[in-house]
Amino acid sequence: MMELGSVLVIAKSPVPGRVKTRLAPAFGLSGAAELARAALADTFAAVRRIPARRHVLVLDGARGPWIPSWLEVIAQSPGGLDLRLSAAFDAVAGSGPAVLVGMDTPQVGADAFAGFDPAQDDACLGLASDGGYWSIGFADPARARGVIAGVPMSTGATGSHQLSRLLAAGLGVRLLDPMTDVDTPSTAYEVAALHPCTRFAAMVRSLSATVGAAPLERALAG
């Protein structure tokens, strides 16, 4: 894969009660925050191995020792997710091709964007199993706002809406491998079982033993 201008991670600070609250019924609010921290650590490790001139954390919340020193940190802008994504790409528009990944896919690998070639592809999009998308990227990040702003976010059709907007703008889109977003206890168990060597999976196992959450096998069987 050629060197990118920027790789961005958009995330919330892993504070109990503010992040991954849909995991709380199984793991508690503190456990949900610990899972978010572990997912971020996995994501950061993958991102660091992607060749890029800038590695950027687009952060909602306070900085903390969980942020590696090699990451550049910028604050998320106000507004809905579509506007925050647009602003993130605006912030790196002068640095060359950029890709962005969220904090919901701790299973992401450094090769996740290997198929995206900014010399041939205008954009890339990684669809998620819940109907959203886990990543988006542009050969020219200045194009992002025009095709992201206004897309309805956090719906079962967000991914298809986003793809339609990209194609309607005449962009050549490279579809990345689909992934499962970790949003619920069942998806947390699923991702942990399929990727047992991640920090996220280790935290799922630890919390399951501590708080008495359903074992991985039972959750997957259900």
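Values in this text are rule-based calculations from the coordinates and carry no lab data. Computed from a prediction, not measured in an experiment: that's the story for all the values here. Ideal geometry is used to build each Cβ from the backbone, glycine not excepted, and the neighbour counts take in all protein chains shown.
For the chain, the residue among G156, G146, V204 whose Cα projects farthest onto the positive side of the dipole built from Cβ charges is V204. Each other residue within a Cβ distance under 11 Å of R18 adds +1 if Lys or Arg and -1 if Asp or Glu, for a net charge of +1.
Per-peptide packing, taken as the mean over residues of other Cβ atoms within 10 Å, places 132-145, 63-76, 173-186 in the sequence 132-145, 173-186, 63-76 from highest down.
Kirkwood hydrodynamic radius of the chain, from the reciprocal of the average inverse Cα-Cα distance over all distinct pairs: 17.6 Å. Note on the chain: with charges restricted to the Cβ of Lys and Arg (+1) and Asp and Glu (-1), its dipole about the Cα centre is near 540 debye.
Neighbours of D104, meaning other residues whose beta-carbon lies under 13 angstrom from its beta-carbon, give a summed charge of -2 when Lys and Arg score +1 and Asp and Glu score -1. Ordering S69, M2, T184 by Cα displacement along the dipole of the chain toward the positive end leaves S69 in first place; charges were set at the Cβ atoms of Lys, Arg (+1) and Asp, Glu (-1). A cut-off under 12 angstrom between Cβ atoms defines the neighbours of G170, and their net charge, with Lys, Arg +1 and Asp, Glu -1, is +1. Most fluctuating residue of L100, L207, L125 in a GNM of the chain with Cα springs under 10 Å: which is it? Of the options given, L207 has the highest mean-square fluctuation.
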